[in-house]
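Visitor: Sending over a structure as structure tokens; questions will come in a sec.
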Amino acid sequence: MQFNKYSIVAISIIVPLVVASLLFFVSSKADVGSWVHYLPKLNVTINSLTALLLIVALIMIKQGRESAHRKLMLTALALGTIFLISYITYHASRPSTVFGDVNHDRTVSETEMAAIGNWRLVYLILLLSHILVAVIGLPLVLTAVYHGIKDNRKAHKKIVRFTYPVWMFIAVSGIMVYFLISPYY
């Protein structure tokens, strides 16, 4: 598939639909082995590297080092693709982890709720904002990359003003979501 505006629209629609279907509509999970338990750790590592790459890429472009900037941003995009494959693989094979579910019975009892207090609300707000911004951010990132590849500097600079902080929020909030939910894996 050629990378163009139509593929950006298609990817921006298909990816959230696939993820939503895995999370909310697919009840039977594929048994691909126990190795998938390592994927959340891989995902937080990818998000951490992505955040780091975004920071270094910003420094590079501010220093006028366009080639280094381009390589870093394409690496961040590749990491995002690997993250997405890993995330889909994990959620296709494992039920979602429930925040606060210490005994892993897929419900949060009154005792468990009392133990976590307001942290569940904090987690859910962070998770929902992460998901919403990720859905909005996907077409922004792809459009920014498209204009960067096409060397359409004016359009690239214009969209990156919004895309960069959105992408950074997605990466950092993904890290925060992981550290909040990881005790319940």
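The values are calculated or read from the model by the stated rules, or taken from the named source; none is laboratory data. The shown structure was predicted, so the numbers you read here are calculated from the model rather than taken from an experiment. We place every Cβ from the backbone using ideal geometry, glycine too, and count neighbours over all the protein chains shown.
Visitor: Going residue by residue through region 170-185, is there one that turns out to be surrounded by fewer than 20 Cβ atoms within 10 Å (Cβ to Cβ), in a helix (DSSP H, G or I), among the hydroxyl-bearing types (Ser, Thr, Tyr) and in contact with a Pro (Cβ under 9 Å, 6 or more places away or on another chain)?
Guide: The answer is yes; a qualifying residue exists.
Visitor: From 81, 111, 143, which residue is more than 17 Å from residue 178 (Cβ to Cβ) and touching a Ser or Thr at 6+ places or on another chain (Cβ under 8 Å)? It would help to see each step written out before you state the result.
Guide: Working: 81 fails: touching a Ser or Thr at 6+ places or on another chain (Cβ under 8 Å); 111 fails: touching a Ser or Thr at 6+ places or on another chain (Cβ under 8 Å).
When all the criteria are applied, what remains is 143.
Visitor: Counting only residues that are exposed (fewer than 11 other Cβ atoms within 10 Å of the Cβ) and closer than 22 Å to residue 81 by Cβ, which one in region 34-69 is modelled with the lowest pLDDT?
Guide: Taking region 34-69 first, the residues exposed (fewer than 11 other Cβ atoms within 10 Å of the Cβ) are 34-35, 62-64, 67.
Going one step further and asking which of them are closer than 22 Å to residue 81 by Cβ, we end up with 35, 67.
Numbers: 35: 92, 67: 96.
Looking at residues that are exposed (fewer than 11 other Cβ atoms within 10 Å of the Cβ) and closer than 22 Å to residue 81 by Cβ, I get 35.
Visitor: Please enumerate the residues belonging to region 78-112 that are part of a helix (DSSP H, G or I), under 25 Å from the mean Cα position of the chain (by Cα) and among the acidic types (Asp, Glu). Break it down stepwise before answering.
Guide: Looking only at region 78-112, we keep the residues that are part of a helix (DSSP H, G or I), and these are 78-93, 110-112.
With the extra rule that they be under 25 Å from the mean Cα position of the chain (by Cα), the set shrinks to 78-93.
None; the set is empty.
Visitor: Would you confirm whether or not region 112-125 contains a residue that is acidic (Asp, Glu) and closer than 24 Å to residue 42 by Cα? Working first, answer last.
Guide: Of the residues in region 112-125, the ones acidic (Asp, Glu) are 112.
The next check asks that each one be closer than 24 Å to residue 42 by Cα; those that pass are none.
No, that holds for no residue.
Visitor: Need pairs with beta-carbon distance below 6 Å; first residue over 12 Å from residue 122 (Cα atoms) and modelled with pLDDT under 95 and within region 172-185, second surrounded by fewer than 17 Cβ atoms within 10 Å (Cβ to Cβ) and not acidic (Asp, Glu); sequence gap 6+ or separate chains.
Guide: Between residues of region 172-185 that are over 12 Å from residue 122 (Cα atoms) and modelled with pLDDT under 95 and residues that are surrounded by fewer than 17 Cβ atoms within 10 Å (Cβ to Cβ) and not acidic (Asp, Glu), the close pairs are 184/97; 185/97.
Yes/no per residue for (1) crowded, with 19+ Cβ neighbours inside 10 Å; (2) modelled with pLDDT of 95 or more:
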{"residue": "78", "(1), (2)": "no, yes"}
{"residue": "84", "(1), (2)": "no, no"}
{"residue": "88", "(1), (2)": "no, no"}
{"residue": "92", "(1), (2)": "no, no"}
{"residue": "95", "(1), (2)": "no, no"}
{"residue": "126", "(1), (2)": "no, yes"}
{"residue": "138", "(1), (2)": "yes, yes"}
{"residue": "149", "(1), (2)": "no, no"}
